[in-house]
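One structure below.
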Amino acid sequence: MSSGAILEATGLTKEFKGFVAISGVNLTVERGSIHALIGPNGAGKTTLFNLLTKFLQPTRGAIRYQGRDITRMQPADIARLGLVRSFQISAVFPHMTALENVRIALQRRRGDSFDFWRSEKVLSKFNSEAAALLADVGLTEFSDTRASDLSYGRKRALEIATTLALNPEMLLLDEPMAGMAQEDIERISALIRRISKNRTILMVEHNLSVVASLSNRITVLARGKVLAEGDYAAVSKDPRVIEAYIGA
Ligand code: ADP
């Protein structure tokens, strides 16, 4: 494992009934980076993301996180190691307020199972920590708003707050900007930049201007393989990348 690496995949391959969706992918995510995974439709981004977050088992290859082999681990186990996929473990409960959602996430961080009937007394211990997290994601004034009443962008911000409640060292974001209005994109971009200060982020994102402005490393996938890697200036000029996008 290279010295600055936090996550490293080697020879990662996923076959679906003989169809090779991911083929011998090597990927190194450096600690502290914002790393983006891009590529035309069908390139294998979702499959690779699901392999890295353990939602799928690879046919071949290995994944190491912080030097530890996580290839056969379950998502909940790797979350405990600090590698968390947003919008996953931290589901948002629509009928609860923003504050209640974050308090429950904080309570779950301690390994307690979720209990709808958990008393106010237990959850109120998390009030100030939950309020701080809501402030981090810009939702202070929506603390008492039910999740279902939040705008789409604010709901995603709440999901990020519930993910941060798990205190991840590395965050995997699956298309954080999907379906967002420009104003939300700007807010979530600022949030990702802020939370990346002491964390590593790997994201799949279609919006290339967001990728250009946020990420310091980009891996371009095409037909299940790594086509190019580097910063945005380098990969956006790469003729193979241009061809893959135009030819897709
Ligand atoms: P992307 O996210 O880059 O659009 P995907 O990872 O969704 O790409 O898909 C990569 C390829 O793998 C596609 O050709 C897709 O049809 C195929 N694929 C993905 N999941 C499955 C599956 N469960 N069974 C069979 N083929 C799949």
(message) From the phi angles alone, apply the Karplus equation (6.51, -1.76, 1.60; θ = phi - 60°) to the stretch 96-102 and give each ³J(HN,Hα) in whole Hz, x where the residue is Gly or Pro.
(response) 9, 6, 4, 4, 4, 4, 6
(request) State the answer as a single residue: which of Thr46, Gly67, Thr162 lies farthest towards the positive end of the charge dipole of the chain, with beta carbon charges of +1 for Lys and Arg and -1 for Asp and Glu, about the Cα centre. (result) Gly67
(message) Take the residue pairs Lys14/Lys54; Lys197/Lys225; Lys17/Lys54 and return only those whose Cα atoms are more than 24 Å apart.
(response) Lys197/Lys225
(request) Could you check how many percent of all C-alpha pairs in the chain are farther apart than 28 Å? (result) 34 percent
(request) Please find the FRET efficiency linking Leu208 to Glu186, where r is the Cβ-Cβ separation and R0 is fixed at 22 Å, and quote it to the nearest 0.05. (result) 0.90
(request) Using DSSP to define loop residues, name the trypsin sites (Lys or Arg not before Pro) in the stretch 1-83 whose beta-carbon has at most 12 other beta-carbon atoms within 10 Å. (result) Lys17, Arg72
(request) Using the Cα centre as the reference, give the magnitude of the dipole from point charges on the C-beta atoms of the chain (Lys, Arg: +1; Asp, Glu: -1; all else neutral), rounded to the nearest 20 debye. (result) 660 debye
(message) What is the distance in Å between the Cα centroid of the stretch 162-200 and that of the stretch 18-90?
(response) 18 Å
(request) Pop out the ³J(HN,Hα) list for the stretch 193-206 in order, Karplus 6.51 cos²θ - 1.76 cosθ + 1.60 with θ = phi - 60°, rounded to Hz; leave Gly and Pro as x. (result) 4, 5, 6, 7, 4, 10, 9, 9, 10, 10, 9, 8, 8, 7
(request) Return the loop-located trypsin sites (Lys or Arg not before Pro) in the stretch 205-248 (DSSP other than H, G, I, E, B) with at most 12 other Cβ atoms within 10 Å of their own Cβ; answer none if there are none. (result) none
(message) Take Thr145 and Thr10, extend 7 Å from each Cα along the Cα→Cβ direction, and tell me the distance between the two endpoints in nm.
(response) 4.8 nm
(request) Please list the non-local residues whose amide H lies under 5 Å from the amide H of Ala222, H modeled 1.01 Å from N, same-chain partners needing a gap of 5 or more. (result) Leu227
(request) Positive end of the charge dipole of the chain (Lys, Arg +1 and Asp, Glu -1 on Cβ, about the Cα centre): tell me which of Val220, Phe93, Leu139 has its Cα farthest that way. (result) Val220
(request) Based on other C-beta atoms within 10 Å, arrange Phe16, Phe142, Phe55 from fewest to most. (result) Phe16, Phe55, Phe142
(message) I'd like the Karplus ³J(HN,Hα) series for the stretch 65-81: coefficients 6.51, -1.76, 1.60, θ = phi - 60°, whole numbers in Hz, and an x wherever there's a Gly or Pro.
(response) 10, 6, x, 9, 6, 10, 3, 9, 7, 8, x, 5, 6, 6, 4, 5, 7
(request) Calculate the spin-label point distance for Phe93 paired with Ala234, positioning each point 7 Å from the Cα along the beta-carbon direction, and give it in nanometres. (result) 4.7 nm
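Bear in mind these aren't lab numbers, they're just calculated from the coordinates by the rules spelled out. All values reported here derive from a predicted model rather than from experimental measurement. Quick reminder, even Gly has a Cβ in these numbers, built from the backbone with ideal geometry, and neighbours come from all protein chains shown.
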